[in-house]
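Peer 1: Attaching a single structure in structure tokens format; questions to follow.
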Amino acid sequence: MNALSNTWKVYLLALVTFLVGTSEYVISGILDKISNTMGISVTSAGQLVTIFSFVYAIGTPILMALTAKVERQKLLVWALGIFVIGNVLSFVLPGYASFLAARVIMALGAGMVVVTALDIAAKIAAPGKQASAIATVVMGFTASLIIGVPLGRIVAAQFGWKAVFGILALAGLVAMFVLYVIIPRIQGDKPIPLSKQLALLKKGNVALGLAITFFWLGGYSIAYTYISPYLLDVAGLKEGMLSGVLLAFGIASLLGSKFGGFSTDKWGVFPTLSGGMLLHVIALLLLSLTVTYTHAWLPIVILLILWSFAAWSSGPTQQVNLVRIEPNYSGIMLSLNQSMMQLSMAAGAAIGGVMVDRVSLSSITWVGVVGVAIAIVIVTFLRARMSAGSQGIGESIWMKFKKACN
């Protein structure tokens, strides 16, 4: 009975990370509405993604190191409280500057919520089910891209985009009380000094592995941040279609992630990374050419689905790639990768904004291709550096991880 109870607690933690993920990703789905309502450029609206991701990436490891000894349930509730405050401010305060400040507060809370939820999930899971519990919580965060973004678009169309953050604030407030009652009291851990974490960056393979994340996800983010205005103004899609297209895009990301895990198991890390990123490049190139010569919605939607599938097929594979590079520091490597993912999204949104301002909105997919192509080159270089023995260790780690999840 206790195991069943803990299973439901893990699902509750996944629901909380869904709320947090929605607050991050939903901006891309309502970017045009924020721009029009506030009277700012699409580029300025896009920097809301940049600031959130940058604060998340830099602030989370620092705050988690400072609060390492704090009891986990208490930390989760307080972190969610910070997140709620950020959403309330987003809902009630007028103006771009105040919204930007609210995004900073939201990002600080969001980062601690996700990391603490993962920590609690691993500790309350049944023996041998830790990996499965972590995967469930991560799935909640991923589901925000699949469900949260199109839902946010629907809410924004009906009630205005600020209503999205009002709903997130109310849901977060309810979650705070539920978590306080249901989640058990768990002691914090011995803190790992940031200096020890950052020391790994001096190693060549580690730096290359994280660089793959930066350029792969950065290339993706350059285009995805501005996906709504791109589809409306460049591809010529109708407003009524956009929510459905974003939903299909999100579902494709989930399928791509699942396929990436299957492919890694069957064909290995490097073939999966190289193949997925090559398909990523092809999809973006074809999408760029298609919107240039036609506004027919069907081929555009098909290529969007292919792009999302290819892009996220690299997600689980890259996690395994980093763990096998430093198997004795798997936790630190995954933490560093989380920060790198957020930094890459911040950089991608910023670069995309520059391209929209100085070139055109249609240029974002072309520039995204460059980022992913650089990632492919780095994958090739890293593969040349790694010995056959270290690859064998990595495949063994992946098999153990998969067995634990099952």
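All of the numbers you see were taken from the coordinates with simple rules; none came from a lab. Just so we're clear, the structure is a prediction, and the values are computed from it rather than from any experiment. We place every Cβ from the backbone using ideal geometry, glycine too, and count neighbours over all the protein chains shown.
Peer 1: Can you give the FRET efficiency to the nearest 0.05 for Glu239 and Arg358, using r as the Cβ-Cβ distance and R₀ = 30 Å?
Peer 2: With R0 = 30 Å, the Cβ-Cβ based efficiency is 0.65.
Peer 1: Let me ask something else about it. Could I have the simple spin-label model distance between Leu173 and Met38, label points 7 Å from Cα toward Cβ, reported in nm to one decimal?
Peer 2: So the label points at Leu173 and Met38 sit 2.4 nm apart.
Peer 1: Here's another thing I want to ask about it. Checking the cross-link filter: which aspartates and glutamates have an alpha carbon closer than 18 Å to that of Lys196, excluding same-chain neighbours under 8 positions apart?
Peer 2: Partners found: Glu326.
Peer 1: Calculate for the chain the 222 nm mean residue ellipticity that helices alone would give, adding -39,500 (n - 2.57) per DSSP H run of length 4 or more and normalising by residue count, nearest 500 deg cm²/dmol.
Peer 2: When only DSSP H runs of four or more count, the value is -28500 deg cm²/dmol.
Peer 1: Kindly identify segment 145-249 as rounded, prolate or oblate by the Cα gyration tensor criterion: order the square roots of the eigenvalues as a ≥ b ≥ c, call it rounded if a/c is under 1.5, otherwise compare a/b with b/c, prolate if a/b is larger, else oblate.
Peer 2: oblate
Peer 1: Once Lys and Arg get +1 and Asp and Glu get -1 on their Cβ, which of Met176, Leu15, Leu198 lies farthest toward the positive end of the dipole of the chain?
Peer 2: Projecting each Cα onto the dipole axis, the largest value belongs to Leu198.
Peer 1: Then there's this: Let me check against my output: what whole-number percent is the relative contact order of the chain, with C-alpha pairs under 8 Å and at least 6 apart?
Peer 2: After rounding, I find 25 percent.
Peer 1: Taking just the C-alpha trace of segment 261-334, give me its Rg and Dmax in Å.
Peer 2: Looking at segment 261-334, its Cα Rg and Dmax stand at 15.7, 52 Å.
Peer 1: Restricted to Cα positions, what overall size does segment 216-370 have along the principal axes? Three whole-Å values, descending.
Peer 2: 50, 32, 24
Peer 1: Residues in segment 59-84 near a label at Lys196, defined as backbone nitrogen under 18 Å from the 7 Å Cα→Cβ point?
Peer 2: Under cut-off, by backbone N: 61-70.
Peer 1: Sticking with the crude label model, points 7 Å out along Cα→Cβ, report the distance from Lys74 to Ile302 in nm, one decimal please.
Peer 2: Computed distance between label sites Lys74 and Ile302 equals 5.9 nm.
Peer 1: Something else now. For segment 1-191, restrict the atom set to alpha-carbon positions and state the Rg and Dmax in Å.
Peer 2: According to the Cα coordinates of segment 1-191, Rg and Dmax are 16.6, 55 Å.
Peer 1: Continuing with this model, one more query. Relative contact order of segment 1-191: what whole-number percent is it, with Cα pairs under 8 angstrom and at least 6 residues apart?
Peer 2: Taking the mean separation of contacting Cα pairs over the length of segment 1-191, I get 40 percent.
Peer 1: Among 109-115, 348-354, 159-165, how do they line up from the highest to the lowest mean number of other beta-carbon atoms within 10 Å?
Peer 2: Descending packing order for the listed peptides: 109-115, 348-354, 159-165.
Peer 1: Take the alpha-carbon centre of segment 158-210, take the same for segment 138-154, and report the distance between them in whole Å.
Peer 2: Segment 158-210 and segment 138-154 have Cα centres separated by 17 Å.
Peer 1: Express in nm, to one decimal, how much length is gained between Ala373 and Lys123 on full extension, taking 0.36 nm for each residue of separation and deducting their alpha carbon distance.
Peer 2: 86.1 nm
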